[in-house]
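A short worksheet on the structure shown next.
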Amino acid sequence: MGINVKLQVFEGPLDLLLHLIDKNKVNIYDIPIVTITEQYLDYVNQMDKEDLNVVSEFLVMAATLLDIKSKMLLPKEVNEEGEEEDPRAELVEKLLEYKLFKHMSYELKDRQMDAEGSFYKLPTIPKEVAAYKPEVNLQELVGDVTLVRLNEIFEEVLRRQEEKIDPIRSKFGKIEREEVSMAEKLVQVQDYLRKNKRFCFREMLSKNSSKVSVIVTFLVILELIKTGFVQVEQERSDADIDITVVKDPELIGELELEE
């Protein structure tokens, strides 16, 4: 018995087959091939025959349906595993794949419609915020070199300074106390960095003539590590610490140090 098929534009033979399966409310895994083939051919006979490219696609599927229909009338073939093969299996697989992609296209279309309600706003970040750079991570700068090790070297240099004191002359009264400011020491260290791009931390401290000078130099080096002007490295835990200049020393003058 025929069925009145509403003439409409289908995207292809598989689209028409899915329409007929839904219209007849049949299981896609158990397609009544006779009924579906008759309805499919009815639609093909009512198609506009002017566009041969489109018609040829539907005719190929019609031939496939007729082939499946004829195989359904014959004894079923058995595969190597002894199971009966269903002539409709390949068609069902194509229909399921097409149905999956069709639903995905609906999902993409819905997302496109939702996206039409979205508007892009150009960035309006103030220049001051855009130019902001996060503070230097001391943990990354120092790496495996710990502040404990830096302090050990500092204490060792101080002890050597004390050992240089003359046991007799040290008892004499001091006429003038040496004052070393952070600003003055920063200028000296800046000049030292211009001439030495890589040097030993211990060696630099040893060049100071007094305990106060060593302390101020140590504080200046710590400040330069914090601000990212120098980087410290240590090959072993008991080895000397090497300092490498990583920023232009000319910019050190812009630092504001607290005495």
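The values are calculated or read from the model by the stated rules, or taken from the named source; none is laboratory data. Worth saying up front: this structure is predicted, and the values here are computed from it rather than measured. A quick note on method: Cβ atoms are made from the backbone with ideal geometry, for glycine too, and the neighbour counts reach across all protein chains shown.
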Take Tyr29 and decide whether it is among the aromatic types (Phe, Trp, Tyr) and within 22 Å of Glu90 (Cα to Cα). yes
Since Val60 meets every condition but one in (1) within 15 Å of Gly12 (Cα to Cα); (2) in contact with a helix residue (DSSP H, G or I) (Cβ under 8 Å, 6 or more places away or on another chain); (3) surrounded by 15 or more Cβ atoms within 10 Å (Cβ to Cβ); (4) without any contact (Cβ under 8 Å) to a residue 60 or more places away in the chain, which condition does it not meet? (3)
Could you tell me which numbered condition His19 fails, if it satisfies all but one of (1) touching a residue at least 12 places away in the same chain (Cβ under 8 Å); (2) crowded, with 16+ Cβ neighbours inside 10 Å? (1)
Could you check the stretch 36-82 and list, in sequence order, the residues that are touching a Gly at 6+ places or on another chain (Cβ under 9 Å) and of a type outside the set (Asp, Glu)? Gln39, Val54, Phe58, Met61
Using the structure shown, decide if Val216 is within 16 Å of Glu152 (Cβ to Cβ), buried (at least 18 other Cβ atoms within 10 Å of the Cβ) and assigned by TED's automatic domain parsing to the domain that holds Glu155. no
